Amino acid sequence: MKHLLSPLDFTVQETEELLDLAHDIRISPDNYSHHCDGKKIATLFYEPSTRTRLSFEAAMMNMGGTCLGFSEAASSSATKGETVADTIRVVSSYADICAIRHPKEGAPRVAADHSTIPIVNAGDGGHQHPTQTLADIMTIRELRGSLNNFTIGICGDLKFGRTVHSLIHALIRYENVRFVLISPRELRVPEYVREDLLVDNGVDFREVEKLEDVIDMLDILYMTRVQKERFFSEDEYIRMKDYYILNKDKLEYAKPDMYVLHPLPRNNEIASDVDNDPRAKYFEQVNNAVYVRQSVILTLLRSAGTL
Ligand code: NCD
């Protein structure tokens, strides 16, 4: 039985198959409308979410299944001191698959260790968010036709942004992907990402502070929000929060086929005047995220012998 805790839980080949399946679901959704009849997904969200939780639930419902769960720790037995390990033992007997989001890094790993059903990490602290990454790379693949040979700028909070960490994990496995990491000094990628992933694997990357200096060389610009909830000081957050604002004027300097992605939710980092530019693809990512989660649910349920 497989879990999805990090993008590396699927090989490049398995990822390819997962994205192919997501693409097929995208073009023929009706063919999949009964694949999960009678199946249940539990969504255990100890941290706020709009897209991730609803898209997991929509994904299951699109295939004939049903959903149960909670959307905040306050409405679960976590308030009574129940551990994730105990909760997942219980949930394993109610549902066929579980998506869990938790403020503590590693909580989905603990859940997987105590579960008899597949676990999907729907975001653990500032660590990883593999299904967002699958939506991101599906979008890049649909737009560019391949995941090889491009330059991606990743801009914003690279320290706490879990979508950034998962995306880098996933993309370094493809050919000739160049990274431009754009952040203030204080929000650069963590040491383990820089040293263990980028340096040790001989990846072509550079770290810069100004978006204006590099925007013209990018094929993909992945904007991110400053992760307010992970800051220790409010003052520090306020100093950082509007460091980058992509607007129509700045976009003038970008290539005509440079696509703008963002995992959402956004604050001020993408002005609304960018939304109508044909290069703005963040709402397309939202769309793809449902297909990708359908594909993840099918793949994991098959691996568990449930389908
Ligand atoms: C992201 C997350 O939760 O990490 N949101 C999402 O799932 N699309 C990004 C964020 O919160 O900034």
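None of the figures in this text is laboratory data; all of them are computed from the coordinates on show. Predicted, not measured: the structure shown is a model, and the values here were computed from it. Here Cβ is always computed from backbone atoms with ideal geometry, including for glycine, and neighbour counts include all displayed protein chains.
I want the local charge near Ile27. Using Cβ-Cβ distances under 15 Å, sum +1 for each Lys or Arg and -1 for each Asp or Glu among the other residues. Cβ neighbours under 15 Å give a net charge of -3.
The count of lysine pairs in the chain with alpha-carbon distances below 16 Å, taking only pairs 8 or more places apart or on different chains, stands at 9. Have a look at the DSSP beta bridges in the stretch 11-138 and tell me what percent are antiparallel, nearest 5. Approximately 5 percent, going by the DSSP bridge assignments.
Find, among the GluC sites (Glu not before Pro) in the stretch 214-307, those assigned to loop by DSSP (not H, G, I, E, B) with at most 12 other beta-carbon atoms within 10 angstrom.
Those satisfying the criteria are Glu252.
Given +1 at the Cβ of Lys and Arg, -1 at the Cβ of Asp and Glu and no other charges, the dipole of the chain around its Cα centre is 580 debye to the nearest 20.
Most tightly packed first, judged by the mean number of other beta-carbon atoms within 10 Å of their residues, the peptides 112-119, 294-301 read 294-301, 112-119. What size of dipole, in debye to the nearest 20, comes out for the stretch 195-264 about its Cα centre when the only charges are +1 on Lys and Arg C-beta atoms and -1 on Asp and Glu C-beta atoms? Dipole of the stretch 195-264, to the nearest 20 debye: 360 debye.
Counting every pair of alpha carbons in the stretch 130-285, the share spaced more than 24 Å apart comes to 27 percent.
Across the stretch 108-116, rounded Karplus estimates of 3J(HN,Hα) from the backbone phi angles (6.51 cos²θ - 1.76 cosθ + 1.60, θ = phi - 60°) give x, 5, 4, 4, 4, 5, 10, 10, 9 Hz, Gly and Pro being marked x.
Once backbone amide H atoms are built at 1.01 Å from N, Val260 has Leu221, Ala280, Lys281 as its partners under 5 Å, excluding neighbours fewer than 5 places away on the same chain. Whole-Hz Karplus values for the stretch 190-196 come out as x, 3, 5, 6, 5, 7, 6 Hz, taken residue by residue from phi with 6.51 cos²θ - 1.76 cosθ + 1.60 and θ = phi - 60°; glycine and proline positions read x.
Ordered by packing density, taken as the mean number of other Cβ atoms within 10 Å over each peptide's residues, highest first, how do 166-172, 194-200, 34-40 rank?
In decreasing order of mean packing, 166-172, 194-200, 34-40 become 166-172, 34-40, 194-200.
Between Asn268 and Asp30, the FRET efficiency from the beta-carbon distance, with R0 = 51 Å, is close to 0.80. You can think of it this way: the chain between Asp200 and Asp86 has 37.2 nm of extra reach, that is 0.36 nm per residue less the Cα-Cα gap. Residues whose amide H lies under 5 Å from that of Val120, counting only those 5 or more places away or on a different chain, are Leu4, Cys98, Ala99, Ile100; hydrogens are built 1.01 Å from N in the peptide plane. For labels at Ala304 and Glu236 in the simple 7 Å Cα→Cβ model, what's the distance in nm? Each label point lies 7 Å from its Cα, and together they span 3.8 nm. Put simply, when 213-220, 93-100, 132-139 are sorted by average Cβ atoms within 10 angstrom per residue, most first, you get 132-139, 93-100, 213-220. In a fully extended conformation the segment linking Glu252 and Ser77 would gain 57.9 nm over its present Cα-Cα distance, using 0.36 nm per residue.
Are there chymotrypsin sites (Phe, Trp or Tyr not before Pro) in the stretch 223-307 that DSSP puts in a loop and that have at most 11 other Cβ atoms within 10 Å, and which ones? Before the final figure, lay out the partial values.
Working: sites: Phe231, Phe232, Tyr237, Tyr243, Tyr244, Tyr253, Tyr259, Tyr282, Phe283, Tyr291; in loops: Phe231, Phe232, Tyr243, Tyr244, Tyr253.
Qualifying residues, ordered by number: Phe232.
Legend: P(r) of the chain from all alpha carbon pair distances, 20 Å bins from 0, whole percents, reading 34, 58, 8. List residues of the stretch 111-137, by number, whose backbone nitrogen lies under 20 Å from a label position 7 Å along Cα→C-beta of Glu186. Of the residues in the stretch 111-137, 126-127 have backbone N under 20 Å from the label point off Glu186.
Of interest is the spacing of the C-alpha centroids, which for the stretch 273-307 and the stretch 181-249 amounts to 24 Å. Since only Leu264, Gly123, Gly69 are under comparison, the one whose Cα sits farthest along the positive direction of the charge dipole of the chain, derived from C-beta charges on Lys, Arg, Asp and Glu, is Gly69. Computed from phi, the 3J(HN,Hα) profile of the stretch 219-225 under the Karplus parametrisation 6.51, -1.76, 1.60 (θ = phi - 60°) reads 9, 9, 10, 9, 8, 9, 7 Hz, with x in place of Gly and Pro.
Of the trypsin sites (Lys or Arg not before Pro) found in the stretch 106-180, not one falls in a DSSP loop while having at most 11 other beta-carbon atoms within 10 Å.
The simple spin-label model puts a point 7 Å past each Cα toward its Cβ; for Asn287 and Glu14 those points are separated by 2.9 nm. A Förster distance of 51 Å, applied to the separation of the beta-carbon atoms of Glu105 and Ser146, puts the FRET efficiency at 0.95.
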